[in-house]
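The values are calculated or read from the model by the stated rules, or taken from the named source; none is laboratory data. Everything numeric here is computed off the predicted structure, so don't read it as measured data. Positions of Cβ are generated from backbone atoms using ideal geometry, with glycine treated the same way; all protein chains shown enter the neighbour counts. With ligands, DNA and RNA removed, areas are computed over all heavy atoms of the protein, side chains included. Shrake-Rupley method; radii C 1.70, N 1.55, O 1.52, S 1.80 Å.
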Amino acid sequence: MSSFANELRAVWAFSKREMIIWTSYRVNIWTWIIDVFINTSIFFLISLLVGHHSMGAYGTNYVSFVVIGLSIYYISYTNLGDPFPRVARIYWNGTMDLYMLSPLSYFTPVIGVMFKSVIDDYPRVGLAFLFGWLFFGASFAFRVPFYVILGVVLIGLSTFGIGMISASSFYLLNFKRGSEPISFILQDVVIALVGGYYYPVNVLPQYLQILASFIPHTYALDLFRRALLPGASLTQPVLPLQYVLNFSPIAVDTIILVLMSVVLFPLGFYLYYLGIQKARREGTLTRWQ
Amino acid sequence: MYAISTSSLTKIYQTVPDDAKAHVRGVKERGPGLWVKNIFKLRTQKMRKIVAVRDLSFSVEVGEIFGIIGPNGAGKTTLIKLLSGLLYPTSGNAKILNYDLLDDHEKVKDKIAYVSTSGWMGLEWQLTAYENLLFYADLLKIPRKEAKTALDDVIESLGMVGYVGKTIPQLSAGMRQMLTIARGFIANRPIIYLDEPTTSLDPFAKEKMWNFVLKLKKNHSIIFSSHDPKELKGYADRIMIIKNGKSLIVSKPQILLKEFSTGRIYQAELSNADLSDFNETIRIIDAFSLGNKKLKLRFTLKGSLNDFITFLLYKKIVIHNITRDSPSISDVYARFVNE
């Protein structure tokens, strides 16, 4: 069996384990369905309050607008927010030693253990679309499917890259207790404020729009909204870089997402590798030394 | 500090004549499973550098069981982690079945099994014992059919049949420990490290584990650390005593007992006695109070036996019995560690 196939088999083993754990808590499935339903309905209620205002290049349907925001939020929540707590779980459970002695790459256990979040969070994307469409009047168009698929891959890679940078801080910067500042500052401060989950970025003051230019969420949300929202413009620029570069906004979004993925994804893995090497030098791979 | 290259390790080993190695170690020579030279580890603890392992050199043959004993914090676990590649040495190196520990760590990983029974043992609490073993078999890339055969064999041999269907919280500490040991054996790796494997095991479980290890011995190099001198004497072909990261001696148990046990050892049961009475006349190894000023002592004499009996009579101490006792590895260990 090839090395890659072996790694996939190990990821599958982790996934099965996570599935057993996940299904052992029977209430899980109900809580996450209710959670997505409530989240979507909150934004429906807000849309009733604000009415069908124009959102410029993104059309007029606020529920559709927010369903896309929620979807990226769910993907980002897993890819960016999950690697650090998963590494922490491996460490505190005392299993890092065993994983490091198995013939796996350094990264397979983290990816494998993340499966719980993937089965927990990714289906929420589909549910958000479903609830929005069934109950709250959301509607969607599929005008540039190639860009949508590419955008999903790129936002997945770039946010996972940031997630691995955050995970690397567990060993590299010794953030072993509680939360760590990288995902906190990015996820809970910068992205929450300027990512544009719930409002278009161009309503922000200019300095915050410039700050938004440095995170992949801004471009992914712009791309998906232009591609999926009925009545959205494919040509009218919204983001500062789209004004500066002055060509197709979707192409700008895609190029920036490619660049961010190419930088962040390998950087995250490299820093995590450095963290493990540091832990092996210092003897801090596992909590039991 | 001392660093050594792979080629020089091989050269050094090759200079030792084969018959001499076999003679000294008392095992049939099959070549070294493991060869360690000047391994040294500095660790930082609260901004202070401490020596965890100090310049250790030794080798372990294929077919040999090598025991390590030392006080808490002596460096046993650190040494085993160094030899597993979980820790990088500050200097020195080792060869594991001819693979360089540092340069060929990916290959070394395929050759070793590491059983640690400390902490939470890395068990998955929501899974059954069997699912835990199967999960690790998958991670170790053992084909499913082979894994099931290996699992059945290990489960049967270690007496785990009755509880493999239970989840981890339903298992006793000893059962969990046995599961950790079973996990280490399923891949049938030629080098096996057992870090205090029997700490929580009852005597029957210990015996089962050791019977299984002895079955594997022929084609494996087994290194284990323990605090139980009886276990070391019973199963180790050679013993290394370490203290403060430094090897005090490496030798066969018989040689340790013959050459390094402390004089003649006696055992006595006495009444109307106080421990402080004996400072001048004997060196106490072990003492147990049996109540009512009755003591059971294990000791060596500072003078003659006649002098000691005269002393007891003079102090009006009642003598229930005094017998000769054989020296144990524990005595040798105490002597090295206390000196």
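Among the listed residues B:275, B:270, B:232, B:256, which satisfies the condition of being within 22 Å of the chain's Cα centre (by Cα) and over 26 Å from residue B:185 (Cα atoms)?
Residue meeting the stated conditions: B:256.
Considering every residue within the range B:43-60, establish whether at least one is out of contact with any His (no Cβ under 6 Å at 6 or more places or on another chain), modelled with pLDDT of 90 or more and either within 27 Å of residue A:103 (Cα to Cα) or open to solvent by 10 Å² or more (accessible area, probe 1.4 Å) (or both).
Yes: the range B:43-60 contains one or more residues that are out of contact with any His (no Cβ under 6 Å at 6 or more places or on another chain), modelled with pLDDT of 90 or more and either within 27 Å of residue A:103 (Cα to Cα) or open to solvent by 10 Å² or more (accessible area, probe 1.4 Å) (or both).
Just to be sure I understand, how many residues within the range B:77-95 are under 14 Å from residue B:193 (Cβ atoms) and either within 12 Å of chain A (Cβ to nearest Cβ) or in a loop (DSSP other than H, G, I, E, B) (or both)?
11
Suppose we filter A:149, A:111 for residues that are within 14 Å of chain B (Cβ to nearest Cβ) and either open to solvent by 40 Å² or more (accessible area, probe 1.4 Å) or under 19 Å from residue A:80 (Cα atoms) (or both); which single one remains?
When all the criteria are applied, what remains is A:111.
Quick check on residue A:28: is it within 14 Å of chain B (Cβ to nearest Cβ), open to solvent by less than 60 Å² (accessible area, probe 1.4 Å) and in contact with a helix residue (DSSP H, G or I) (Cβ under 8 Å, 6 or more places away or on another chain)?
Yes.
Can you tell me which residues in the range B:107-120 are within 9 Å of chain A (Cβ to nearest Cβ) and within 30 Å of residue B:49 (Cβ to Cβ)?
B:109, B:112, B:114, B:116, B:118, B:119, B:120
Among (1) away from chain A (no Cβ under 12 Å); (2) within 21 Å of the chain's Cα centre (by Cα), which single condition is residue B:100 missing?
Result: residue B:100 passes all but (2).
How many of the residues making up the range B:126-164 are within 14 Å of another protein chain (Cβ to nearest Cβ) and small (Gly, Ala, Ser)?
3
Anything in the range B:110-164 that is at pLDDT 90 or above and in a loop (DSSP other than H, G, I, E, B)? List them, or say none.
Selection gives B:111, B:158, B:159, B:160, B:164.
Mind checking which helices (runs of 4 or more DSSP H) fall wholly inside the range A:189-289 and carry at least 1 residues that are open to solvent by less than 30 Å² (accessible area, probe 1.4 Å) and touching a residue at least 40 places away in the same chain (Cβ under 8 Å)?
Here the list reads A:216-228, A:249-282.
Among the residues of the range A:171-189, are any touching a Leu at 6+ places or on another chain (Cβ under 7 Å) and of a type in the set (Val, Ile, Thr)?
Taking every residue of the range A:171-189 in turn, none turns out to be touching a Leu at 6+ places or on another chain (Cβ under 7 Å) and of a type in the set (Val, Ile, Thr).
In the range B:213-226, how many residues are out of contact with any Gly (no Cβ under 9 Å at 6 or more places or on another chain) and open to solvent by 10 Å² or more (accessible area, probe 1.4 Å)?
Looking only at that region, the number is 3.
Could you check, for the range A:114-135, whether at least one of its residues is of a type outside the set (Asp, Glu), within 14 Å of chain B (Cβ to nearest Cβ) and within 23 Å of residue A:19 (Cα to Cα)?
The answer is yes, given that some residue of the range A:114-135 is of a type outside the set (Asp, Glu), within 14 Å of chain B (Cβ to nearest Cβ) and within 23 Å of residue A:19 (Cα to Cα).
Given the conditions (1) at pLDDT below 90; (2) surrounded by fewer than 19 Cβ atoms within 10 Å (Cβ to Cβ), which single one is not true for residue A:140?
Answer for residue A:140: the failing condition is (1).
Can you find a residue in the range A:93-100 that is part of a loop (DSSP other than H, G, I, E, B), free of Cβ contacts under 8 Å to residues at least 12 places away in the same chain and within 14 Å of chain B (Cβ to nearest Cβ)?
yes
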